Amino acid sequence: LDLRSLSSFEAFTGTGTVTNSGTFTGDVGANVGALTGFSGPDFNGNVHLNNGLTAQAELDLLKVYIHLNNSFVTHPGTHAPAFGSGETLSPGVYDVGGAGSVAGNLTLDGLGDPDAYFIMKFEGAITVAANSTIVLSNGTRACNVFWIAEGVISVGGNSDVKGTLLSRPGAIT
């Protein structure tokens, strides 16, 4: 998947807020909105707010979001809104009909295929509890993991989330 201009960001929102209250490494941006908590010794990256790059990234976000959201669901109605607690998932596209969450450990098992992909689609917000960990195993690569939400994405402190988080509309905190 070509993320276009989004590939330079660790966190980006076209319209909304990105808030950091922990350690963050990578570029962050918002085209219309606010960026908070991205200064000092716990932040290592560049801040982009309402500039040419963020305007293009907002357009690219919409394109990528539509592409991922239109992906054929391979695991329809097979998963509850709560992920984690030692669970292991196989590759594919998961669809949650509302808000969802991740808590504890969640293993994404690529079954030995380095091209295996995971798309978790939520028709609401996503909340990742504090101290949660996404574990990639058996060939899974973070560049093939996508979390998409129709609302706010909130990641609790001391969490280790792998993959790309996309929210439209909404915010990432």
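For segment 72-87, a residue qualifies if it is of a type in the set (Phe, Trp, Tyr) and at pLDDT 95 or above, and exactly one does: 83. Using the structure shown, decide if residue 121 is over 22 Å from residue 86 (Cβ atoms), modelled with pLDDT of 90 or more and outside any helix (DSSP H, G or I). In short, yes. Consider segment 108-136 and keep the residues that are hydroxyl-bearing (Ser, Thr, Tyr) and open to solvent by 30 Å² or more (accessible area, probe 1.4 Å). The one that is nearest to the chain's Cα centre (by Cα) is 127.
How do the strands (runs of 3 or more DSSP E) wholly within segment 1-61 filter down when requiring 3 or more residues that are of a type in the set (A, V, I, L, M): which remain? Output list reads 28-36. Taken together, the residues in segment 72-94 that are in contact with an Asp or Glu (Cβ under 9 Å, 6 or more places away or on another chain) and either open to solvent by less than 50 Å² (accessible area, probe 1.4 Å) or without any contact (Cβ under 8 Å) to a residue 12 or more places away in the chain (or both) amount to 6.
Each row is one residue, and each column tells you yes or no for (1) of a type in the set (A, V, I, L, M, F, W, C); (2) out of contact with any Leu (no Cβ under 9 Å at 6 or more places or on another chain).
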residue	(1), (2)
66	yes, yes
83	yes, no
86	no, no
118	yes, no
125	yes, yes
152	yes, yes
157	no, yes
166	yes, no
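The condition of being closer than 19 Å to residue 150 by Cα, open to solvent by 50 Å² or more (accessible area, probe 1.4 Å) and either free of Cβ contacts under 8 Å to residues at least 24 places away in the same chain or part of a loop (DSSP other than H, G, I, E, B) (or both) does not hold for residue 98.
The values are calculated or read from the model by the stated rules, or taken from the named source; none is laboratory data. From a predicted model like this one, the values you see are computed outputs, not experimental measurements. Neighbour counts are summed over all protein chains in view; Cβ atoms, including those assigned to glycine, are modelled from backbone coordinates with ideal geometry. These area figures cover heavy atoms from the full protein model, side chains too; ligands, DNA and RNA do not enter into them. Shrake-Rupley method; radii C 1.70, N 1.55, O 1.52, S 1.80 Å.
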